[in-house]
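Have a look at the structure below, then the notes.
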Amino acid sequence: MRRSKYIAVAERLSKRIRSGDYHIHGIPAERDIAVDVGVSHMTARKALRKLLSDGLIYRLPNGRLDIRANGQSARTVQSQIALLAPAFESGETNDWNIALSHLAGKFNFSTRLVYYMHPDDPIIKNTVDSFDCTFMLPPDPDESLVSELRKTGNPFFIINSDWTRLGIPSIMLFPPVFIRKILDHLASLGHRRIDCLNVQPGLTVIPDRIEQWKIWTGEHGFKGKLFNKPVRSFTDPLPAAYSIVDRMIRDGKFNSRALFCTTSPTALGAMSAMMDHGILPGKDVAVCTSDSGGSCEYFKPSLTSMEALDAIPYLELCLKWIQDGGRRWKGSLLIQPENINIVVRQSTVPDIDRKTTPERMLWKEEV
């Protein structure tokens, strides 16, 4: 027996709801749904009635439909968690999205990646207001924004930045203080001048990394020049780093022998420019970065960096708190590792692969 068309439409809409498709802009009007899925108004109406009876949606006093949260129904509705990130390609965003996806089954939620276009984008507040919980790769911290987000009453966490001074729980996988280990490594190789290159916009973590470099070089009596040319927000830093180093080489102004880069894209752009001019990273210039950047192992040469940490244990702390009711946050607002090691690779020790087997050769694909 052929299944009723409205049942198929209801199932399609149900999947969208469970995937968070309607959490920001709400359930469309009946006529809009009809046009969207290519059915009659009556079929769309019957599909919505089924969702009402199934407990996935409910009708507001003004007649509009809204998604029913777990606390409003005896039926269990899968929680919706958003990862809110700036709208440009980023390995950082990808890593956090994958980590959240791995936890979705364990904690019974679906995750949705939401992009914002600028720091005052209304979608930031709309996302925090609409989802059960939001993990945010944030713009610059702004007290008025925090105030607006708090008014939503929904939990949100900052990732890879520190908003604890504003009272917001923050996950920092790579606390800037551990940059000292990278600089100690360069010093152990005999370098007494360590330059710093940055092209990333001035989010809180970037100035903190630069400040750690300044403090360390000052304490050790080392010399070092800061090349700080931040790109505009939502601009790819890699070609900017390439352009800066390329121009300095062409102008005869590049004389670095040890270069600390604030991010892995910055380091990749710098190394690419060097190699195009016959300068060999690792042999002629020691290059390293203060974050892990999952692809550091696969650069040529491979890039010395902080150890890549698994974000899952830190996300689990937050998700367990939400699962237990999400009352007042207990413990430190700053969620971070107690220690991070560095991974020495070819960009500072060219023959390192002869001494130890590199990570890329140990990894085995799961079948």
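The values are calculated or read from the model by the stated rules, or taken from the named source; none is laboratory data. No experiment lies behind these values; they were computed from the predicted model shown. Backbone-built Cβ (ideal geometry, glycine too); neighbour counts: all protein chains shown.
Which members of segment 177-210 meet the condition of being farther than 19 Å from N339 by Cβ, acidic (D, E) and touching a helix residue (DSSP H, G or I) at 6+ places or on another chain (Cβ under 6 Å)? Walk me through it before giving the result.
Restricting attention to segment 177-210, the residues satisfying the condition of being farther than 19 Å from N339 by Cβ are 186-187, 189-204, 206-207, 210.
Restricting the remaining residues to those that are acidic (D, E) gives 195.
Hits for segment 177-210: nothing passes.
Out of all the residues in segment 104-116, which are crowded, with 18+ Cβ neighbours inside 10 Å and over 12 Å from S79 (Cα atoms)?
Of everything in segment 104-116, those that are crowded, with 18+ Cβ neighbours inside 10 Å and over 12 Å from S79 (Cα atoms) turn out to be V114, Y116.
If you take the residues in segment 326-345 that are free of Cβ contacts under 8 Å to residues at least 60 places away in the same chain and surrounded by fewer than 10 Cβ atoms within 10 Å (Cβ to Cβ), which one is nearest to the chain's Cα centre (by Cα)?
Only one residue fits best here, namely E338.
Tell me yes or no: at least one residue of segment 209-222 is surrounded by fewer than 21 Cβ atoms within 10 Å (Cβ to Cβ) and under 23 Å from W329 (Cβ atoms).
The answer is no; no qualifying residue exists.
Is there any pair linking a residue in segment 177-191 that is in contact (Cβ under 8 Å) with a residue 60 or more places away in the chain and not assigned by TED's automatic domain parsing to the domain that holds N160 to one that is assigned to a loop (DSSP other than H, G, I, E, B) and among the charged types (D, E, K, R), with Cβ under 8 Å and at least six apart or on different chains, and which?
H191/R257
Counting residues that are modelled with pLDDT of 85 or more, which strands (runs of 3 or more DSSP E) fully inside segment 1-93 reach at least 1?
Of the strands (runs of 3 or more DSSP E) lying wholly inside segment 1-93, those with at least 1 residues that are modelled with pLDDT of 85 or more span 57-59, 79-86.
Being touching a Lys or Arg at 6+ places or on another chain (Cβ under 8 Å), within 28 Å of Y314 (Cα to Cα) and surrounded by 20 or more Cβ atoms within 10 Å (Cβ to Cβ): is that true of P201 here?
Details: touching a Lys or Arg at 6+ places or on another chain (Cβ under 8 Å): yes; within 28 Å of Y314 (Cα to Cα): yes; surrounded by 20 or more Cβ atoms within 10 Å (Cβ to Cβ): no.
No.
Given the conditions (1) assigned to a loop (DSSP other than H, G, I, E, B); (2) surrounded by fewer than 14 Cβ atoms within 10 Å (Cβ to Cβ); (3) at pLDDT 80 or above, and given that A308 satisfies all but one, which numbered condition is not satisfied?
(2)
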